[in-house]
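Read the structure below first, then the notes.
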Amino acid sequence: MSDTHAQTARFVRESMLPEREPPLAEVGAVKWVRENLFSGWLNILLTVVSAVVIGWILLHIVPWFWNSVWKAGSLSQCREIRDEAFGPGASSACFAVITDRWHQLVFGFYPQTLYWRPVTALIVFLIAASPVLFPRLPRQALWFSAISPFIMFWLLWGGSVWAPLSVLLGIVLAYVAFRIASRFVSPVLAMLAGVAVAVLCWGLLAGPLTTDMSRILPIRLRAVGSDDFGGFMLSFIIGVSAIILSLPLGILLALGRQSDLFFINKVSVAFIELIRGVPLIVWLFTASLLLNYFLPPGTNFDLMLRVIIMVTLFSAAYIAEVVRGGLAALPKGQYEGADSLGLDYWQSMRLIILPQALKISIPGIVNTFIGLFKDTTLVVFIGLLDPIGLSNAIRASTDWNGVYFELFVFIGLMFFICCFSMSRYSIALEKKLQREHR
Amino acid sequence: MNKTAFLGALTVTGLAAGAAAAATLDDVRDRGTLNCGVSTGLTGFSAPDANGNWEGFDVAVCRAVAAAVLEDPEAVEFVPTTGQTRFTALASGEIDLLARNTTWTFSRDNDLKFEFVGVNYYDGQGFMVPKELGVTSAKDLGGATVCIQTGTTTELNLADFFRTNNMEYEPVPIETNAEAQQQYLADACDVYTTDASGLAATRASFENPGDHVILPEIISKEPLGPLVRHGDNEWGDIARWTLNALIAAEEYGVTSANIEELSQGTQNPEVNRLLGTEGNLGEMIGLDAEWAKRAIMAGGNYGELFERYLGESTPVGLARGLNAQWTDGGLLYAPPFR
């Protein structure tokens, strides 16, 4: 071999050179910086401008956070402490307002000795939500999820345990009636029968049952009125109730809009378009102001309940449209396939159509939920003390008049934690469902 | 203006519905609590403290009425109301009394069908400017940018003032007082205008209050008072005379410190009638003899309340000014308790 080149080339390398380090400009951080930040004149310009802007922002924000005062009784004390520590006029956040009032921003005016109740309710909620969110957990746990709303209601509002129990009884009776009736008549009629039983139970049985049982076996927690609810707890209750209630309602509306039955179709369309066509704030004003005039005087129809209903209806209309998008995205073959298997309408929806349609709709649904959750801050305009409303009330005290951004930073952080975890969950869910496709 | 007409129309409908429930006093007694509408937060007038107890000058009126009617100054459900919801809340019967720094005007009294029971604070709209602008009079404000809260009477007053003085201005509409402070401090506007009490409270919260001046001109009359619905005069009288009792108590020197002693009987028949040791004034408004005594004991007389929530010892630091007794050159003048 070595003779092959003897006449044609003077020199032939016959052994491999040892590997050398790549040139400095082609490795590691230098290469990354050159390729990603300084690859061309436009990129260089953008990098420099962005760096200046970010630096300028950090220059203002970092000292503000770094010098923050956490322990003081009022804004003026905050300023004294700052003047002593960092010199007068230094940029400094006064987070002492959070130390002093965090419990109001979180719980509103809920009695301080009873804070364990909303906290327990939150734990119950998380336990109840986990089997719904994570299908790997045992399915029996769903029974706990089903009764958890009643536990949470009792923990939050207190009063006699028999009130939520009698409501639960109505639902159980309705279900039993539905099961019995569905043996003899069509599912729609059976459902109507169930609803009728529930209404009868609540109308006739619940009142006397609650009073009698409370007398025989008085298990009760101290009652806390809705007007003591406030802060992040209020946003959370409104948001979560509306999210849980609006999903089934939205799915039904979406199915209604696709339905061939003239009446159901038109009612669904009218409802969705009416609710979507008007801003949420108008519905909230309707709930708080207009309804007062139409209800008989003296009716004590809880404002918070009215708001939950309005927010639920509002987001149900949006969910309906998102789910409709999912339904429309399914190929017609899926519907026909379901029919050809001999499934009836509800079976085909439950087993074939909805699982696929909802899978497609997940990003849209979660997006609606995140929007809804943040929209709960609009209740400040009807005088409910959500975190924003409380921040105004806190600023009105002479101690904290003049504090501004600190409160918003705290409120923003609380909302960010919730919304961000919702969006992460949705991404995880999408990935998991995607895998099933392969 | 459209908003007013709309609210007015609503109120009329509401009254038609609410007329059946006229005896507010009975309702309040049955319920055991007074539903009192207050502001969602206004320095010195109503604000919750760290324990969630409402405090302030307007709040004190609610507590006095509750003390007079229910014998317990704590028996009040405070309903936070916004500028938009306050009148409907009252007209629809959600609240029994509205004590929310509300200006007594002709149209609110007559068109919206409310009954102002008196004035607990005489306010007026003023201007605050940075000292470095060198402005000494509101007449020099031509061409200024003005921070102004929307949806209030101050907005209309401002327009009137600049029109009568033939000046131009550029409004910077803002929603809340806190936002206004930030905008003003960030130089988004040259002038901040609102009620003088609000300006004083705002200035007190600044780092360097001395760098800002409140101009001498007061461009409007803002008599702030509690109000009730039309149609229940007995209830209106109770609220009116509770307020008068607080004012009269200051005039006669009845304070929360000496009230026990004075209610043993004094040489002054007017004090005796006020405190129920003489005459039957309580009976005349459907309450017991000691109603006024309890109202005064709830937080003290008018002067004590003023000192505690608004006066010169507080951060708000307001002088009595127009809100002094008529004997001291102010406007407070309670009709005789006779």
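The values are calculated or read from the model by the stated rules, or taken from the named source; none is laboratory data. Just so we're clear, the structure is a prediction, and the values are computed from it rather than from any experiment. Note that we place each Cβ from the backbone using ideal geometry, even for glycine, and neighbour counts take in every protein chain shown.
Select, from B:Val65, B:Val61, B:Val69, the only residue that is more than 10 Å from chain A (Cβ to nearest Cβ), within 21 Å of B:Asp123 (Cα to Cα) and in a helix (DSSP H, G or I). First the steps, then the outcome.
Values: B:Val65 fails: within 21 Å of B:Asp123 (Cα to Cα); B:Val69 fails: within 21 Å of B:Asp123 (Cα to Cα).
Going through B:Val65, B:Val61, B:Val69 in turn, the sole match is B:Val61.
Let me spell it out: the conditions are (1) in contact with a helix residue (DSSP H, G or I) (Cβ under 7 Å, 6 or more places away or on another chain); (2) within 14 Å of chain A (Cβ to nearest Cβ), and B:Ile148 meets all of them except one. Which number is the exception?
The one condition B:Ile148 does not meet is (2).
Taking the criterion of being in a helix (DSSP H, G or I), away from chain B (no Cβ under 14 Å) and farther than 27 Å from A:Lys431 by Cα, would at least one residue in segment A:391-408 satisfy it? Please lay out each step first, then the result.
Taking segment A:391-408 as the starting set, the residues that turn out to be in a helix (DSSP H, G or I) are A:391-396, A:405-408.
Adding the requirement that they be away from chain B (no Cβ under 14 Å) leaves none.
Scanning segment A:391-408, I find no residue that is in a helix (DSSP H, G or I), away from chain B (no Cβ under 14 Å) and farther than 27 Å from A:Lys431 by Cα, so the answer is no.
Looking only at segment A:71-81, filter to residues that are within 11 Å of chain B (Cβ to nearest Cβ) and of a type outside the set (S, T, N, Q); which one of those is nearest to A:Tyr404 (Cα to Cα)?
Residues of segment A:71-81 within 11 Å of chain B (Cβ to nearest Cβ): A:73-76, A:78-79.
Subset that is of a type outside the set (S, T, N, Q): A:73, A:75, A:78-79.
Values: A:Gly73: 16, A:Leu75: 11, A:Cys78: 13, A:Arg79: 14 Å.
Of everything passing the filter in segment A:71-81, A:Leu75 is nearest to A:Tyr404 (Cα to Cα).
Picking from A:Ile360, A:Ile353, A:Ile388, which residue would you name as being within 30 Å of A:Lys71 (Cβ to Cβ) and among the aliphatic types (A, V, I, L, M)? Full working, then the answer.
Details: A:Ile360 fails: within 30 Å of A:Lys71 (Cβ to Cβ); A:Ile353 fails: within 30 Å of A:Lys71 (Cβ to Cβ).
Criteria check complete, one pass: A:Ile388.
Of all the residues that make up segment B:312-330, how many are surrounded by 14 or more Cβ atoms within 10 Å (Cβ to Cβ) and either within 14 Å of chain A (Cβ to nearest Cβ) or not charged (D, E, K, R) (or both)? Steps first, please.
Going through segment B:312-330, the residues surrounded by 14 or more Cβ atoms within 10 Å (Cβ to Cβ) turn out to be B:314-318, B:320-325, B:330.
Right, trim to either within 14 Å of chain A (Cβ to nearest Cβ) or not charged (D, E, K, R) (or both) and you get B:314-318, B:321-325, B:330.
So the answer is 11.
Please state which one of B:Gly299, B:Gly265, B:Gly282 is in the same structural domain as B:Thr242 (by the TED database) and over 26 Å from the mean Cα position of the chain (by Cα).
Values: B:Gly299 fails: over 26 Å from the mean Cα position of the chain (by Cα); B:Gly282 fails: over 26 Å from the mean Cα position of the chain (by Cα).
It is B:Gly265.
Report, by residue number, each residue of segment B:20-58 that is under 11 Å from B:Pro80 (Cα atoms), hydroxyl-bearing (Ser, Thr, Tyr) and not in a loop (DSSP other than H, G, I, E, B).
B:Ser39, B:Ser46
Filter segment B:68-101 down to residues that are closer than 22 Å to B:Leu310 by Cα and of a type in the set (Gly, Ala, Ser) and give me whichever is surrounded by the most Cβ atoms within 10 Å (Cβ to Cβ).
B:Ala99
When the residues of segment A:82-104 are filtered to those that are buried (at least 18 other Cβ atoms within 10 Å of the Cβ) and among the β-branched types (Val, Ile, Thr), which remaining residue is nearest to the other protein chains (Cβ to nearest Cβ)?
Top of the filtered list is A:Val97.
How many residues are of a type in the set (A, V, I, L, M), crowded, with 16+ Cβ neighbours inside 10 Å and either outside any helix (DSSP H, G or I) or more than 12 Å from chain A (Cβ to nearest Cβ) (or both) when one looks only at segment B:151-186?
Here is the first cut: in segment B:151-186, the residues of a type in the set (A, V, I, L, M) are B:156, B:158-159, B:167, B:172, B:174, B:178, B:180, B:185-186.
The next check asks that each one be crowded, with 16+ Cβ neighbours inside 10 Å; those that pass are B:158, B:172, B:174, B:178, B:180, B:185.
Narrowing the set further to residues that are either outside any helix (DSSP H, G or I) or more than 12 Å from chain A (Cβ to nearest Cβ) (or both) leaves B:158, B:172, B:174.
Residues in segment B:151-186 being of a type in the set (A, V, I, L, M), crowded, with 16+ Cβ neighbours inside 10 Å and either outside any helix (DSSP H, G or I) or more than 12 Å from chain A (Cβ to nearest Cβ) (or both): 3 in total.
If we keep just the residues of segment A:249-290 that are within 14 Å of another protein chain (Cβ to nearest Cβ) and surrounded by fewer than 17 Cβ atoms within 10 Å (Cβ to Cβ), which is farthest from A:Val380 (Cα to Cα)?
From segment A:249-290, those within 14 Å of another protein chain (Cβ to nearest Cβ) are A:281-282, A:284-290; that's our starting set.
Those left that are additionally surrounded by fewer than 17 Cβ atoms within 10 Å (Cβ to Cβ): A:281-282, A:286, A:290.
Working: A:Ile281: 10, A:Val282: 13, A:Thr286: 14, A:Leu290: 17 Å.
If we take residues in segment A:249-290 being within 14 Å of another protein chain (Cβ to nearest Cβ) and surrounded by fewer than 17 Cβ atoms within 10 Å (Cβ to Cβ), then A:Leu290 is farthest from A:Val380 (Cα to Cα).
If I ask for residues that are part of a loop (DSSP other than H, G, I, E, B) and either at pLDDT 95 or above or aliphatic (A, V, I, L, M) (or both), which ones from segment B:286-297 would you list?
Filtering segment B:286-297 for residues part of a loop (DSSP other than H, G, I, E, B) gives B:286-290.
Within segment B:286-297, B:Leu287, B:Ala289 qualify.
How many residues are modelled with pLDDT of 85 or more and farther than 30 Å from A:Phe153 by Cα when one looks only at segment A:168-182? First the steps, then the outcome.
Keep residues of segment A:168-182 that are modelled with pLDDT of 85 or more, which gives A:168-181.
Narrowing the set further to residues that are farther than 30 Å from A:Phe153 by Cα leaves A:181.
Residues that pass the stated criteria total 1.
If you take the residues of segment A:409-438 that are within 30 Å of B:Ala186 (Cβ to Cβ) and of a type in the set (Val, Ile, Thr), which of them is farthest from the other protein chains (Cβ to nearest Cβ)?
Selected residue: A:Ile417.
Return the residues of segment B:29-58 that are over 18 Å from the mean Cα position of the chain (by Cα), within 12 Å of chain A (Cβ to nearest Cβ) and under 30 Å from B:Glu283 (Cα atoms); say none if nothing qualifies. First the steps, then the outcome.
Start the filter on segment B:29-58 by keeping residues that are over 18 Å from the mean Cα position of the chain (by Cα), which leaves B:29-33, B:49-53.
Then drop every residue that is not within 12 Å of chain A (Cβ to nearest Cβ), which leaves B:30-31, B:33, B:49-53.
If the condition is that a residue be over 18 Å from the mean Cα position of the chain (by Cα), within 12 Å of chain A (Cβ to nearest Cβ) and under 30 Å from B:Glu283 (Cα atoms), then B:Asp30, B:Arg31, B:Thr33 are the ones that fit.
Of everything in segment B:72-94, what is more than 9 Å from chain A (Cβ to nearest Cβ) and either part of a loop (DSSP other than H, G, I, E, B) or of a type outside the set (Val, Ile, Thr) (or both)? Give them in sequence order. Write out each step before concluding.
The first filter runs over segment B:72-94 and keeps only residues more than 9 Å from chain A (Cβ to nearest Cβ), leaving B:72-76, B:83, B:87, B:90.
Within segment B:72-94, B:Asp72, B:Pro73, B:Glu74, B:Ala75, B:Gly83, B:Phe87, B:Leu90 qualify.
A:Thr113: surrounded by 12 or more Cβ atoms within 10 Å (Cβ to Cβ) and among the hydroxyl-bearing types (Ser, Thr, Tyr), yes or no? So that I can check it myself, show each step before the final result.
Numbers: surrounded by 12 or more Cβ atoms within 10 Å (Cβ to Cβ): no; among the hydroxyl-bearing types (Ser, Thr, Tyr): yes.
Spelling it out, it is not the case that A:Thr113 is surrounded by 12 or more Cβ atoms within 10 Å (Cβ to Cβ) and among the hydroxyl-bearing types (Ser, Thr, Tyr).
Test of understanding: among A:Met310, A:Met304, which residue is within 14 Å of chain B (Cβ to nearest Cβ) and on the phi < 0 side of the Ramachandran plot?
Numbers: A:Met310 fails: within 14 Å of chain B (Cβ to nearest Cβ).
Selected residue: A:Met304, the only one of A:Met310, A:Met304 that is within 14 Å of chain B (Cβ to nearest Cβ) and on the phi < 0 side of the Ramachandran plot.
Which residue, of B:Ser107, B:Ser46, B:Ser39, is out of contact with any strand residue (DSSP E or B) (no Cβ under 8 Å at 6 or more places or on another chain) and among the small types (Gly, Ala, Ser)?
Details: B:Ser46 fails: out of contact with any strand residue (DSSP E or B) (no Cβ under 8 Å at 6 or more places or on another chain); B:Ser39 fails: out of contact with any strand residue (DSSP E or B) (no Cβ under 8 Å at 6 or more places or on another chain).
Every option except B:Ser107 fails the conditions.
If you take the residues in segment B:210-220 that are surrounded by fewer than 15 Cβ atoms within 10 Å (Cβ to Cβ) and not in a loop (DSSP other than H, G, I, E, B), which one is nearest to the other protein chains (Cβ to nearest Cβ)?
B:Asp211
Exactly one of these conditions fails for A:Cys201: (1) under 30 Å from A:Leu413 (Cβ atoms); (2) buried (at least 20 other Cβ atoms within 10 Å of the Cβ). Give me its number.
Among (1) under 30 Å from A:Leu413 (Cβ atoms); (2) buried (at least 20 other Cβ atoms within 10 Å of the Cβ), A:Cys201 violates only (1).
Quick check on this structure: which one of A:Ile272, A:Ile243 is under 30 Å from A:Leu385 (Cβ atoms) and either in contact (Cβ under 8 Å) with a residue 24 or more places away in the chain or in contact with a helix residue (DSSP H, G or I) (Cβ under 6 Å, 6 or more places away or on another chain) (or both)?
Details: A:Ile272 fails: under 30 Å from A:Leu385 (Cβ atoms).
The conditions single out A:Ile243.
Pick out the one residue from A:Leu46, A:Leu17 that is farther than 30 Å from A:Ser91 by Cα and either surrounded by fewer than 10 Cβ atoms within 10 Å (Cβ to Cβ) or not charged (D, E, K, R) (or both).
On the way: A:Leu46 fails: farther than 30 Å from A:Ser91 by Cα.
It is A:Leu17.
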